[in-house]
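To start, the structure itself, in C-alpha cells.
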C-alpha cells in the first residue's frame, strides 16, 4: 500500500514550491577554418580521434523507485501504528520568555546545554545563547514526559532551538518513541525537520499553494504528514494530503465545538480520522479517544504547565504524563 501522491510534481525545490527547469541548449556547430600552408608539402595526416561513447546520467529504474516508495510507505505505516499505541501527542511550544523566567536548578540546565554543544555544535549553525537554553529546556521536559509513559512528541518549529532539540531527541530517544515536528508551514522548515530525523510533520492549516508539495516531499522521505483543518470542508480538503488515510489535525478543537464537533463529523465524514488539539483535558481525553473517528489527541499545557516548566519540576511533569497515560484505552 502506498501513500497518496498529489499532482504530478516532478521534484520539489525547497527554497520555493516550484520545480526547477534544466536548460540543455547546445550552441550551433562552428564552421571549419581554412589554413594557408607555407610549405608546398601537405602536413602528415592525423589519425581521427576515437569516438567516445556518450555518457548518460544514470536514472533510477522503475524497480528501484518502487522499492524506495514501498520502504517509505512502510516507515509511515509503522509511525501510524506507534502513534496509535501512544495516542496523546504532547506538543512542546516554548518561548524565550520561558527560558528567561527559568528558576530551577541552573546546573541541570547548563549541563544539558553543554551536552548539546558537544553533540551538535560542529554541525550546527551559530545559535544564540537563548536558543541553546531553550533546546535544553525542551530536551529535559521531553525526557520527563517519556518517563511518564507518553512517547509521541511534537516539537513546534516556532520554539527557539527546535531543530537542536529535535536532533538530540531523535538521536537519543528509545526506539518506541515517535518524535515529530509541529507548526510546519514552509518547505524550508520541512526539509530541516526531515534532515533532523523527524518521524512526522504536522501543520495547523492546509494551504492550496504549499500543502501538496509538503505532503509529497514528506512522503518521499518516509515521513508522515498531518495537515490541519478547522471546518468540515477543510477536513475533507486536508484529508487528500494525509498519507495512508492518516489523521487530520483539528485545531483549535475547543473553539470549533469540542466533542460536539467531532461527533457531528462522524456522520457525513466517518472515513476521516481526526487528531483534535488545543482543548483536550485529562477529564475529556478518554471520551475523545473512544470516539470512532478520533485517531489521537494533542495536549500541551495540560501536561506541561508553565509554572512547572520554569521551576524545573521534571518529576511533577512526569507524574502528569503518567496520569494521562493511565487513562488511555488499550488498542490492539
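The values are calculated or read from the model by the stated rules, or taken from the named source; none is laboratory data. Quick caveat, the model's predicted, so the values are computed rather than measured. Here the Cβ is made from the backbone with ideal geometry for all residues, glycine too, and neighbour counts use every protein chain on show.
It is to be established whether one or more residues within the stretch 319-327 are outside any helix (DSSP H, G or I) and either touching a helix residue (DSSP H, G or I) at 6+ places or on another chain (Cβ under 6 Å) or closer than 25 Å to residue 204 by Cβ (or both). Within the stretch 319-327, one or more residues are outside any helix (DSSP H, G or I) and either touching a helix residue (DSSP H, G or I) at 6+ places or on another chain (Cβ under 6 Å) or closer than 25 Å to residue 204 by Cβ (or both). Evaluating residue 258 against the criteria (1) surrounded by 24 or more Cβ atoms within 10 Å (Cβ to Cβ); (2) closer than 28 Å to residue 208 by Cβ leaves one unmet condition, (1). Just one of the numbered conditions (1) surrounded by fewer than 24 Cβ atoms within 10 Å (Cβ to Cβ); (2) in contact with a strand residue (DSSP E or B) (Cβ under 6 Å, 6 or more places away or on another chain); (3) within 30 Å of residue 130 (Cβ to Cβ) is not true of residue 172: (2).
Run down 229, 238, 291 and say which single residue is touching a helix residue (DSSP H, G or I) at 6+ places or on another chain (Cβ under 9 Å), surrounded by 18 or more Cβ atoms within 10 Å (Cβ to Cβ), under 29 Å from residue 145 (Cα atoms) and modelled with pLDDT of 95 or more. Result: 229 is the single residue among 229, 238, 291 that is touching a helix residue (DSSP H, G or I) at 6+ places or on another chain (Cβ under 9 Å), surrounded by 18 or more Cβ atoms within 10 Å (Cβ to Cβ), under 29 Å from residue 145 (Cα atoms) and modelled with pLDDT of 95 or more. Beta carbons closer than 6 Å, at least 6 apart along the sequence or on distinct chains, pair a first residue in the stretch 282-311 that is over 17 Å from residue 86 (Cα atoms) with a second that is assigned to a loop (DSSP other than H, G, I, E, B) and at pLDDT 95 or above for 310/101; 310/102; 311/104.
Checking each residue in the stretch 294-312 for being over 18 Å from residue 202 (Cβ atoms) and surrounded by fewer than 17 Cβ atoms within 10 Å (Cβ to Cβ) picks out 305, 306, 307, 311. For the stretch 156-182, name all the residues that are over 9 Å from the mean Cα position of the chain (by Cα) and within 17 Å of residue 275 (Cβ to Cβ). Matches in the stretch 156-182: 156, 178. Selection over the stretch 140-164 of residues that are touching a strand residue (DSSP E or B) at 6+ places or on another chain (Cβ under 6 Å) and assigned to a helix (DSSP H, G or I) gives a count of 3.
For the stretch 192-204, the count of residues that are touching a helix residue (DSSP H, G or I) at 6+ places or on another chain (Cβ under 7 Å), touching a residue at least 40 places away in the same chain (Cβ under 8 Å), surrounded by fewer than 23 Cβ atoms within 10 Å (Cβ to Cβ) and not in a loop (DSSP other than H, G, I, E, B) is zero.
Identify, please: which residue in the stretch 224-241 is assigned to a loop (DSSP other than H, G, I, E, B) and touching a residue at least 40 places away in the same chain (Cβ under 8 Å) and is, among those, farthest from the chain's Cα centre (by Cα)? Here the residue is 240.
Residues in the stretch 121-139 that are surrounded by 18 or more Cβ atoms within 10 Å (Cβ to Cβ) and either at positive phi or part of a helix (DSSP H, G or I) (or both): 9 in all.
Looking only at residues of the stretch 90-113 that are free of Cβ contacts under 8 Å to residues at least 12 places away in the same chain and more than 17 Å from residue 160 (Cα to Cα), we find that the one that is surrounded by the fewest Cβ atoms within 10 Å (Cβ to Cβ) is 107.
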